[in-house]
Amino acid sequence: MHLSPASLYLNLILLELLVGAQGQLNLWADRKLVARIIESIPSNGKDYSSLKCPRQRPDITQHIPPQLFLVLNGHILQEVYDKILHSVHRPLPPQIEIIRLKWRAGLERLTYNISMVSLNKTLLFDPLLNVASYGIIPAMESDVQITLACTGKVTGFAAFKLHLDIRREFEGLRKIPRIDFVAQKYCLSKQRFKRFHIKCDCRAQCQKLFPPVYFGKAYRKKCNQRCRRDLSSKRGTSRYNYYTHQNQQQHIN
């Protein structure tokens with residue numbers, strides 16, 4: 001196939017732009033995580049003391065992009081970063097125990113230094129990361145998983161801090177400004193955690209068994225009562241014990 005000089009020049013420009021985008025640092029969250037957080041946060045200004053079970057919000061989630069970037073092609077998106085900085089006023093709900101972000105360095109050789117610490121260890125253990133505190137950012141897309149494990153001792157708001165410093169490996173220069181912010185999570189006591197999750201599990205189960213389109217409210221009410229009674233009994237207790245037992249095992253010194 002013969003290409004004219006103009007076509008060849010245009011193709012080279014497009015190739016350069018494509019390689020440039022793929023060769024830069026990117027850090028983002030996918031739509032599923034963002035939607036789950038939004039659907040779990042109390043709506044209409046309600047406080048966290050009267051938690052409601054998560055409800056799907058297609059009216060909101062359809063406007064969320066497939067990837068919500070904090071760093072795009074080597075640049076921090078300031079609008080997104082500012083919203084994270086102000087998220088201390090909108091704590092993460094108790095349902096959000098794992099935050100899974102994605103990153104890639106592309107063609108650059110980048111090192112990172114990351115740390116997370118709980119500012120209220122009575123309520124929240126130090127967050128766990130699935131990556132080392134120091135290392136090289138993978139060239140290809142990779143997960144960064146953050147586990148926010150509450151202690152289950154009492155109910156309340158727990159702040160935690162994140163620090164992320166990214167540099168070029170050989171030059172030692174910062175690739176992007178250092179990321180530092182404090183956020184909060186609303187933690188439940190072990191008893192409230194169990195009651196809340198039983199309520200939400202039963203609600204989801206009964207909605208599926210008796211959809212409102214075909215069944216009246218009385219069917220779902222009776223189903224909920226039976227479901228909560230069964231799950232609150234000794235037979236159903238073990239499935240909700242992971243909250244305390246798993247978290248304690250993860251944080252044994």
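Nothing in this text is a laboratory measurement; each read-out follows from the coordinates by a stated rule. What you are looking at is a predicted structure, and each value in this text was computed from that prediction instead of being measured. Because the Cβ atoms are built from the backbone with ideal geometry, glycine has one as well, and the counts that use them run over all protein chains shown.
Show me, for segment 164-177, the HN-Hα J-couplings you get by feeding each phi into the Karplus relation (A = 6.51, B = -1.76, C = 1.60, θ = phi - 60°), rounded to Hz, glycine and proline as x.
Computed from phi, the couplings for segment 164-177 are 9, 10, 10, 9, 6, 4, 8, 7, x, 7, 5, 6, 9, x Hz.
Compute, for segment 24-119, the length of the dipole vector about the Cα centre, with Cβ point charges of +1 (Lys, Arg) and -1 (Asp, Glu) only. Units Debye, rounded to 20.
The calculation lands at about 240 debye.
May I ask which of 185/208; 32/102; 83/161 have a Cα-Cα span longer than 19 Å here?
Long pairs (Cα-Cα over 19 Å): 185/208.
For residue 52, go through the aspartates and glutamates and keep the ones whose alpha-carbon is under 16 Å away, minus same-chain ones fewer than eight residues off.
By straight Cα distance, residue 52 reaches 39, 201.
Tell me which trypsin sites (Lys or Arg not before Pro) from segment 48-119 have a DSSP coil assignment and no more than 11 other beta carbons within 10 Å of their own.
Those satisfying the criteria are 55.
Taking the beta-carbon count within 10 Å as an exposure proxy, list 33, 27 from fewest neighbours to most.
In order of increasing Cβ crowding within 10 Å: 33, 27.
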